[in-house]
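Notes follow the structure.
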Amino acid sequence: MYITKLCVNGFKNLKDINISPHPKLNIFCGKNAQGKTNLIESIWICSGVKSFRNTKDKGMIDINGEVSNIELSFQDDNREQIIKYNMARPNVKEKNVFLNGVKLKAPSNLFGNFNCVIFTPEDLDLSKGSPDNRRKFIDLSVSQIKNSYNSVAVKYENILEQRNALLKNINQGKSSKEDIEVWDMQLASMGAYISLLRYNYTKKLNSFAKRLYNEISKGKENLELKYYSTVFPDLEDKKDYRGEMTEEYLNCLKKSFNDDIRAGFTTKGVHRDDLNGYINDLPVRDFASQGQHRSLALILKLAQAYILKEENNEAPCILLDDVLSELDVSRQKFVISKIDNMQVFITCCDKNIPFDKKSSGKLFFIEGGKIVKKNR
Ligand SMILES: Nc1ncnc2c1ncn2[C@@H]1O[C@H](COP(=O)(O)OP(=O)(O)O)[C@@H](O)[C@H]1O
Ligand SMILES: [Mg+2]
């Protein structure tokens, strides 16, 4: 899929943006703090996901303005579709989102319609950084191909918070132990569902990432990705999250209940799981070099894009925000060669980007939130 038209006005510092992107390559060029990342962000939120910068709702609207309007048209295999994403003060929480003129209940209902994969400098820490980032990565990836997943993941977090609060109360003698049961039932069923979907996604991820990693390491290194569950010793033969699987989850919660009371939080569950990588059988966490971590982070993102393409028969848009300049030339070339049949948006400070001079595309210059010049 590719964006055919993008109009943005009042989203952060962006003003009167009205562009028809190239179906393949688009470069946003400009000095610091001019609005390049804001433009990438305005595209990103049209995929139904929250801002990758964790921008609060009120921060999305121009400080000096009242409304933020984004209009994004995209072409998929069948037809052109249009997303409108509007916000206004004072009720910034309410987002008016329309897909082809039909108002959606929430931005997350956009999931699965317009897809993109984003690479930011922070993503380069995906492999090296905290498990929380990898869990978020898998959760987002699964949501992109399974619309209903996100709401379960959100509910799980809510229930978990309530269970943790109750654990503290039990610890202080303010609540009785039996009160935990209602939360455990819900946590177990949602946790089992999340475990199974994340596990199945990891299998897909592994098959793509393995091939890509083999290529980036020039055949020298073998990558294996495994989903690490704090609840299930083995997820291999699990088919249905209900019944036995939920039961097993519940038993795990029961077993760790006393530990949980002491700790004041839930020590086992999908919120403690991880995505583990092994290179030539050695755990990445303990043995990978800085370079291997970087390669793996890039490959996880590329694999995410390939899975989206396979699931939807449609390539996602690729957003590369300030990321190329962080990579050495061989990794730059690798990434670019792997996305050359997709629509790509790249931000950079100068126009010396390592694209083949023959490749066609569009170059936009951004200054003070406006497109000041278009080239090609
Ligand atoms: N809500 C907002 N209203 C107006 N301007 C904003 C808002 N949020 C951020 N900005 C401005 O956006 C600019 C940063 O844009 P950004 O896209 O991050 O720049 P860059 O071109 O470096 O990627 C800063 O000048 C900042 O003041
Ligand atoms: Mg930026």
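Taking the Cβ-Cβ separation of SER20 and GLU244 as r and a Förster radius of 56 Å, what is the calculated FRET efficiency to the nearest 0.05?
Numbers: r = 54 Å, r/R0 = 0.96.
Here the calculated transfer efficiency is 0.55.
How many nm is it between the label spots at ASP322 and VAL102, if each spot is 7 Å from the Cα in line with the beta carbon?
Each label point is offset 7 Å from its Cα along the Cβ direction, giving 3.9 nm.
No other cysteine beta carbon under 4.7 Å away is the test; run it over the chain and list who passes.
Singleton cysteines: CYS7, CYS29, CYS46, CYS252, CYS348, CYS349.
In Å and whole numbers, how far do the C-alpha atoms of the range 237-340 stretch along each principal axis, longest first?
Per principal axis, max minus min of the Cα coordinates gives 53, 35, 28 Å.
What order, most packed first, do the peptides 139-147, 331-339 have when packing is the mean number of other Cβ atoms within 10 Å of each residue? Walk me through the numbers on the way to the answer.
Values: 139-147: 20.6, 331-339: 18.2.
My ranking of the peptides, most packed first, is 139-147, 331-339.
Hey, got a sec? Which trypsin sites (Lys or Arg not before Pro) in the range 228-274 land in a DSSP loop and have at most 15 other Cβ atoms within 10 Å? If you can, show how the numbers build up before the last one.
Working: sites: LYS238, LYS239, ARG242, LYS254, LYS255, ARG262, LYS268, ARG272; in loops: LYS238, LYS239, ARG242, LYS268.
Answer in residue order: LYS239, ARG242.
How tilted is helix 180-216 with respect to the longest principal axis of the chain? Cα atoms for both, answer in degrees (0 to 90, nearest 10).
The helix 180-216 is inclined about 50 degrees to the chain.
With both partners inside the chain, how many of the DSSP beta bridges are antiparallel, as a percent to the nearest 5? Don't jump to the answer; show the numbers that get you there.
Working: 39 of 57 bridges.
Within the chain, antiparallel bridges account for around 70 percent of the total.
Given points 7 Å out from each Cα along the Cα-Cβ axis, report the GLN162 to ASP125 separation in nanometres with one decimal.
Result: 3.3 nm between the two label points.
What percent does the relative contact order of the chain come to when contacts are Cα pairs within less than 8 Å and at least six residues apart? If you can, show how the numbers build up before the last one.
Values: 660 pairs, mean separation 98.1, N = 376.
It comes to 26 percent, rounded to a whole number.
So, R0 is 25 Å and r is the distance between the beta-carbons of SER337 and LYS50; what FRET efficiency does that work out to, to 0.05? Write out the running numbers ahead of the final one.
Working: r = 31 Å, r/R0 = 1.23.
E between SER337 and LYS50, to the nearest 0.05, is 0.25.
I need the Debye-formula profile for the range 48-135: one equal scatterer per C-alpha, no solvent, reported as log10 I(q)/I(0) at q = 0.20, 0.23 1/Å, two decimals.
Computed log10 I(q)/I(0) values: -1.04, -1.16.
Set the Förster distance to 35 Å, then compute FRET efficiency between LYS146 and GLU367 from the Cβ-Cβ distance, nearest 0.05. Write out the running numbers ahead of the final one.
Details: r = 41 Å, r/R0 = 1.16.
So the FRET efficiency works out to roughly 0.30.
Quick one: angle between helix 131-145 and the longest Cα principal axis of the chain, in degrees between 0 and 90, rounded to 10, please.
Its long axis makes an angle of about 70 degrees.
Quick one: Cα centre-to-centre distance for the range 224-271 and the range 24-92, in angstrom?
Going from one Cα centre to the other spans 38 Å.
Give LYS255/LYS301; LYS31/LYS362; LYS5/LYS370; LYS220/LYS333; LYS36/LYS58 a once-over and call out the pairs whose C-alpha atoms are over 25 Å from each other.
Exceeds cut-off: LYS255/LYS301.
Considering the alpha-carbon set of the chain alone, what are its Rg and its Dmax in angstrom?
Cα radius of gyration and Dmax of the chain are 22.2, 72 Å respectively.
Quick one: angle between helix 329-338 and the longest Cα principal axis of the chain, in degrees between 0 and 90, rounded to 10, please.
With rounding to tens, the tilt is 90 degrees.
Farthest toward the dipole's positive end in the range 199-355, which of ASN258, THR246, LEU300, given Cβ charges of +1 (Lys, Arg) and -1 (Asp, Glu) about the Cα centre?
Towards the positive end, the residue furthest out is LEU300.
Please say if the range 99-164 is rounded, prolate or oblate, where rounded means a/c under 1.5 for a ≥ b ≥ c the square roots of the C-alpha gyration tensor eigenvalues, and otherwise the choice is prolate for a/b larger than b/c and oblate otherwise?
Working: a/c = 2.77, a/b = 1.20, b/c = 2.30.
Note, shape of the range 99-164 comes out oblate.
Every read-out reported here was derived from the displayed coordinates using simple, explicitly stated rules and does not represent laboratory data. As the structure is a computational prediction, the values presented were derived from the model and not from experiment. Cβ atoms come from the backbone with ideal geometry, glycine included; neighbour counts cover every protein chain shown.
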